[in-house]
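Novice: Encoded as structure tokens, here's the structure I'll be asking about.
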Amino acid sequence: MSGAKAAIALAAMGLMLGACHHKKERAQDRSDYISEVVNDAPQERKPEKSRLRKEVQSWLGVPYRYGGHSRSGTDCSGLVMEVYGAVYGIKVTHNSSDLFHKECRKIDERELKEGDLVFFAFNTNGRINHVGIYLGNGDFVHASSSRGVIISNLGERYYRKGFVGAGRIF
């Protein structure tokens, strides 16, 4: 029996009234109470994958190619350009530094949401030369020059060391 059906059955029999007296007091009549119990029952469906995550999944494993922006090979900004076009219908530049400086509103790392961009500088001059798309829970997708399109985590030492900032396009 599903959670919702079980809640209805128990409420109908009056067994839950004593255990949830605060709801009993708020409910105007028995049908209101049963409705409250059913609405509190946990959902048994799995959440649907976001459009971004579905698109990202189709890019995982694509090899790195400097200047590329297709599934036969892509660089980091090419990946962002193609994914943003496919998922959000937004055209962005194929240059990580320009993305950060010209096309993003800077946000604090604590404000990161799915779809925001994360930027890195893996060089001696501090100039941004890498970008990824934030997925949540510290994870981001990017095109690694050594491993192709992968998902990494901002907490990893290598990415923490090169992290410059975050930005939001829309």
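Novice: What order do Ser50, Ser96, Ser58 take when sorted by accessible area (1.4 Å probe), most exposed first? Don't skip to the answer; put the middle values down first.
Specialist: Details: Ser50 30, Ser96 10, Ser58 55 Å².
I get Ser58, Ser50, Ser96, largest accessible area first.
Novice: With a 1.4 Å probe and all protein chains kept in place, how do His130, His101, His69, His94 rank by accessible area, largest first?
Specialist: Working: His130 20, His101 115, His69 80, His94 60 Å².
Highest to lowest solvent-accessible surface, that is His101, His69, His94, His130.
Novice: Amide H of Gly165 versus every other amide H placed in the peptide plane: which residues, excluding those fewer than 5 positions away on the same chain, fall under 5 Å?
Specialist: Amide H neighbours of Gly165: Phe119.
Novice: Could you sort 73-81, 60-68, 103-111 so that the peptide with the highest average Cβ count within 10 Å comes first and the rest follow in order? It would help to have the intermediate numbers written out before the result.
Specialist: Working: 73-81: 23.2, 60-68: 14.4, 103-111: 12.3.
Packing order, densest peptide first, comes out as 73-81, 60-68, 103-111.
Novice: At 1.4 Å probe size, with every protein chain present, just tell me what the per residue accessible area of segment 85-170 comes to in Å². Can you show the working numbers first?
Specialist: Numbers: 4530 Å² over 86 residues.
In whole numbers, segment 85-170 has 53 Å² accessible per residue.
Novice: Return the sequence-ordered ³J(HN,Hα) values of segment 135-151 in whole Hz as given by the Karplus equation 6.51 cos²θ - 1.76 cosθ + 1.60 applied to θ = phi - 60°, using x for Gly and Pro.
Specialist: 10, x, 6, x, 7, 8, 9, 7, 9, 7, 5, 9, 10, x, 6, 9, 10
The values are calculated or read from the model by the stated rules, or taken from the named source; none is laboratory data. Computed from a prediction, not measured in an experiment: that's the story for all the values here. So basically every Cβ, Gly included, is an ideal-geometry build from the backbone, and we count neighbours across all protein chains shown. Note: accessible area is taken over every heavy atom of the protein model, side chains too, but ligands, DNA and RNA are not part of it. Shrake-Rupley method; radii C 1.70, N 1.55, O 1.52, S 1.80 Å.
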